Amino acid sequence: MYKIYHGNGILVMLAGIFLYTSSPLMAQDTLANPYGLHILRTAAALQQTVAVSPGKAMVDLRQYIPGIAFDLRYAGRNNFMQQQLYPTLTTSFMRKTAADALRKVQAALRLRGLGLKIYDAYRPYAVTQKMWLLVQDERYAANPRNGSGHNRGTAVDLTLISLQTRKALPMGTAFDNFSDTAHHGFTALPEKVLQNRLLLKSLMEQYGFKALDTEWWHYSLPDARLYELLDISFADLQRMYKTGVRW
């Protein structure tokens, strides 16, 4: 018997005492994957892990981080796949541990009149499989053999915006630009662009994220493998808020 609670964007389920690693739900998920990966496919399976490790709760970023902006590219066709990979969304999700760190970055930027805009955060594993069919280059797309930090809810693609104009600061390339120009080590760019990239990188790293060398917009927690891969739909995550008890 389980009870679901949510508040301030945090999903929580309280359960009886159990060993979640022995769950039939999880065993079934593992066996269903051709690479033998451990993937959680249901909200119930996720919440079993949350009962043991509350930091693994999935957090609604719009509710949890005041003032954060969104341009969720895979919820539309303005992306490198040129197709809608997510349902129409107005928010995204991350693990609570990651969201806590991201909230600190947003607070630090606010003192400068700046903020964050999210291009992507949680990504169901099935979407990673679709992306790999088009971009089979591990510099720019996660190999489904391993999964990604996005699938674990510990990675985020983002940029800086002005809080006054709500416009993105210049970063030298657009999001999902698969060229050397998007690399952190590429310096043949205007000084202002280099300063903007450095500001984002320094704050993200200060609060615990790690940069991806080939993408100025991508950051993840360094201990991502402590978090299970997820293939839970956005609809299921959102449904938990609608049916849960606010606390």
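Every read-out reported here was derived from the displayed coordinates using simple, explicitly stated rules and does not represent laboratory data. Everything numeric here is computed off the predicted structure, so don't read it as measured data. Reconstructed Cβ throughout: ideal geometry from the backbone, glycine too, with neighbour counts over all protein chains shown.
The residues packed around H183, meaning those with a beta-carbon under 11 Å from its beta-carbon, carry a net charge of -1 if Lys and Arg are +1 and Asp and Glu are -1.
Each label was represented as a point 7 Å from its Cα along the Cα-to-Cβ direction; for D213 and Q83 these points are 3.2 nm apart. In terms of surrounding Cβ atoms within a 10 Å radius of their Cβ, M171, M94 rank from fewest to most as M171, M94. Exposure proxy shown here: for H183, H38, H150, the number of other Cβ atoms within 10 Å sets the order, fewest to most, as H38, H183, H150.
Annotation: the residues R41, R152, sorted from fewest to most other C-beta atoms within 10 Å of their own C-beta, follow the order R41, R152.
For the pair E205 and L133, label points projected 7 Å from Cα toward Cβ lie 3.8 nm apart.
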